[in-house]
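Peer 1: Below is a structure I'd like to ask you about.
The values are calculated or read from the model by the stated rules, or taken from the named source; none is laboratory data. As the structure is a computational prediction, the values presented were derived from the model and not from experiment. Methodologically, a virtual Cβ is constructed for each residue, glycine included, from the backbone with ideal geometry; neighbour enumeration extends over all protein chains shown.
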Amino acid sequence: MSIRRLSPNQPASFAFTPATLAAAKAWMASFPAGRQQSAMVPILWLVQKQEGWVCEPAIRAVAELLGTPVIRVLEVVTFYTMFMLEPVGTHALVQVCGTTPCQTRGSEALLAVCKRRFGPANHRTADGKFYWQEVECMGACANAPMAAINDRYYEDLTPEGFEALLDAFAAGETPAPGSAIGRQGSAPAGGATTLTDAKLYDGSLGRKMKIPNLPPKASKTPRKPTGAPA
């Protein structure tokens, strides 16, 4: 496991927006009295959605809100890699999967695009627009190679298509997520190979079948328990 530390550059303060605070309190109300610390992960996620990352003043604010020691929040935020510990790009946080399924399908070419465009991983670009990193499996192996950009998955990528995506984000656009080749979910890349006749699963075939009327079941006399009096 990599060592995760807080950024040396921290803001002077943090404040929940009214919307974030309302959502945080809603999460806290989902748990029994005295168990509000169970809402720590979703509240930290709300903080990250508000700020783009989780700063040290925010960690203290979450601890105060939940009535728990700061070290408890620090333990959580440094354990889960979903939480960013330094400022990310204003336009895009790019996370390229480099695990084996994606690697065998060309993820190294996507990583090369990021290195050429943005420089070393785990750093924000000079213009502040992008932050990129290589990550472990994100569960879209059937549609490899893929990358998560902000909160959306972009799958079945090619280096050229990936470049076009990054150009769109650089221009302030938000391209539609999903498969670059238009496949539905994790369907085969060339389209379905089984159940190609819709009548086999849409119920229309069953409606045409004539089901014979079955004779009524004969009523059964309850059997007396063994050893029961007559």
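Peer 1: Any idea how many residues of the range 173-186 are part of a loop (DSSP other than H, G, I, E, B) and surrounded by 14 or more Cβ atoms within 10 Å (Cβ to Cβ)? Talk me through it step by step, then tell me what you get.
Peer 2: Going residue by residue through the range 173-186, those that are part of a loop (DSSP other than H, G, I, E, B) are 173-177, 180-186.
Next cut, surrounded by 14 or more Cβ atoms within 10 Å (Cβ to Cβ) only: 175, 177, 180, 183.
Counting residues in the range 173-186 that are part of a loop (DSSP other than H, G, I, E, B) and surrounded by 14 or more Cβ atoms within 10 Å (Cβ to Cβ) gives 4.
Peer 1: Considering each of THR81, THR104 in turn, give the residue that is closer than 26 Å to GLY191 by Cβ and either surrounded by fewer than 15 Cβ atoms within 10 Å (Cβ to Cβ) or without any contact (Cβ under 8 Å) to a residue 24 or more places away in the chain (or both).
Peer 2: Exactly one residue qualifies, and that residue is THR104.
Peer 1: Let me ask another. Being at pLDDT 95 or above, closer than 21 Å to CYS137 by Cα and surrounded by 13 or more Cβ atoms within 10 Å (Cβ to Cβ), is that true of even one residue in the range 68-76?
Peer 2: yes
Peer 1: Here's something else I'd like to know. If ALA22 meets every condition in (1) in contact with a Lys or Arg (Cβ under 9 Å, 6 or more places away or on another chain); (2) among the hydrophobic types (A, V, I, L, M, F, W, C); (3) without any contact (Cβ under 8 Å) to a residue 12 or more places away in the chain apart from one, which number is that one?
Peer 2: The one condition ALA22 does not meet is (1).
Peer 1: Among the residues of the range 144-170, write down those that are acidic (Asp, Glu) and on the phi > 0 side of the Ramachandran plot.
Peer 2: Listed by number, the list holds a single entry, ASP156.
Peer 1: Next question, about the same structure. Restricting the range 65-87 to residues that are within 22 Å of the chain's Cα centre (by Cα) and among the polar types (S, T, N, Q), which is nearest to SER38 (Cα to Cα)?
Peer 2: THR78
Peer 1: When the residues of the range 137-157 are filtered to those that are exposed (fewer than 15 other Cβ atoms within 10 Å of the Cβ) and within 22 Å of HIS91 (Cα to Cα), which remaining residue is modelled with the highest pLDDT? Step through it out loud before you land on a result.
Peer 2: To start, the set of residues in the range 137-157 that are exposed (fewer than 15 other Cβ atoms within 10 Å of the Cβ) comprises 137, 139, 151-152.
Subsequent filtering for residues that are within 22 Å of HIS91 (Cα to Cα) retains 151-152.
On the way: ASP151: 87, ARG152: 94.
So the residue we want is ARG152.
Peer 1: Under the condition of being touching a Pro at 6+ places or on another chain (Cβ under 7 Å) and either among the basic types (Lys, Arg) or outside any loop (DSSP other than H, G, I, E, B) (or both), which residue from the range 136-156 is nearest to TRP45 (Cα to Cα)?
Peer 2: This residue is ARG152.
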